[in-house]
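The values are calculated or read from the model by the stated rules, or taken from the named source; none is laboratory data. None of the values given here were measured: they were computed from a predicted structure. Neighbour counts are summed over all protein chains in view; Cβ atoms, including those assigned to glycine, are modelled from backbone coordinates with ideal geometry.
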């Protein structure tokens, strides 16, 4: 579903991603963990073209998004193809990014109507189904300002699902939440995992990574240090930097 090879990215001469490679298979849940500033969120943003890479190769479901030639020149496919590939992925941000002037329902139906050209009457039943899925059908006509952080994030998940993506990317979806609100978001994500949704999750929630992820990848200082099956990763981390990080988190 995702093939990223040799991804490099710098900001103002500072290297943020250093030769990062990762694959994601259909139905797989991969958690990316690591200290703040290790490049995790930047890596996600490169996958869905919110950031451009300096070099490397990215393919989504076999369709090349960006590649680098033998001379080190990185090139992207056409803008139309970038948009086509981008629709295969949904993104859930840590800061929700809901439209404050739209109701919960309005937030969910906006992109299918504007991006896909769907009729309101066609998308509303699907939006209501998604709100039931995340336990928020009673908030259908509420505005984001009246919701808790956990409710906002579940609306954001429903909004991403409304575009019917094949892959969901989560950028620290619980980091902006109070601890008591984290659980309701993680329950929704667990349900998606049980339904075999393909997910790449940047997270600080070690319990989620251990229990739900099929694989865990550890990043530090722009490098992907190691990755492996979740049970093996937590029981026997190979790298000293990974062991030190897990000791500080567990």
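Details
- Condition check for residue 122: in a helix (DSSP H, G or I), surrounded by 12 or more Cβ atoms within 10 Å (Cβ to Cβ), more than 23 Å from the chain's Cα centre (by Cα) and at pLDDT below 95: yes
- Qualifying residue in the stretch 161-174 (condition: out of contact with any strand residue (DSSP E or B) (no Cβ under 9 Å at 6 or more places or on another chain) and over 15 Å from residue 93 (Cα atoms)): no
- Per the listing 208, 234, the residue uniquely free of Cβ contacts under 8 Å to residues at least 40 places away in the same chain, in contact with a helix residue (DSSP H, G or I) (Cβ under 8 Å, 6 or more places away or on another chain) and either in a helix (DSSP H, G or I) or surrounded by fewer than 20 Cβ atoms within 10 Å (Cβ to Cβ) (or both) is 234.
Residue-by-condition table, conditions (1) surrounded by 17 or more Cβ atoms within 10 Å (Cβ to Cβ); (2) assigned to a loop (DSSP other than H, G, I, E, B); (3) in contact (Cβ under 8 Å) with a residue 60 or more places away in the chain:
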residue: 97; (1), (2), (3): no, yes, no
residue: 100; (1), (2), (3): no, yes, no
residue: 117; (1), (2), (3): no, yes, no
residue: 128; (1), (2), (3): no, no, no
residue: 132; (1), (2), (3): no, no, no
residue: 141; (1), (2), (3): no, yes, no
residue: 145; (1), (2), (3): no, no, no
residue: 152; (1), (2), (3): yes, no, no
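- On the stretch given as the stretch 61-95, residues that are in contact with a helix residue (DSSP H, G or I) (Cβ under 7 Å, 6 or more places away or on another chain) and more than 20 Å from residue 202 (Cβ to Cβ) total 2.
- You will find that of 44, 65, 105, the residue that is within 14 Å of the chain's Cα centre (by Cα), modelled with pLDDT of 95 or more and outside any loop (DSSP other than H, G, I, E, B) is 44 and no other.
- Of all residues in the stretch 179-205, those that are over 21 Å from residue 46 (Cα atoms) have Cβ atoms under 6 Å from Cβ atoms of residues that are in a helix (DSSP H, G or I), 6 or more apart or on another chain, in 181/149; 181/150; 184/150; 185/150; 185/153; 186/208; 188/154; 188/157.
- Per the conditions (1) surrounded by fewer than 18 Cβ atoms within 10 Å (Cβ to Cβ); (2) over 30 Å from residue 163 (Cα atoms); (3) in contact (Cβ under 8 Å) with a residue 24 or more places away in the chain, the sole criterion not satisfied by residue 220 is (1).
- Members of the stretch 5-30 found to be in contact (Cβ under 8 Å) with a residue 24 or more places away in the chain and more than 18 Å from residue 62 (Cα to Cα), listed by number: 8, 9, 10, 15, 16, 17, 18, 19, 20, 29, 30
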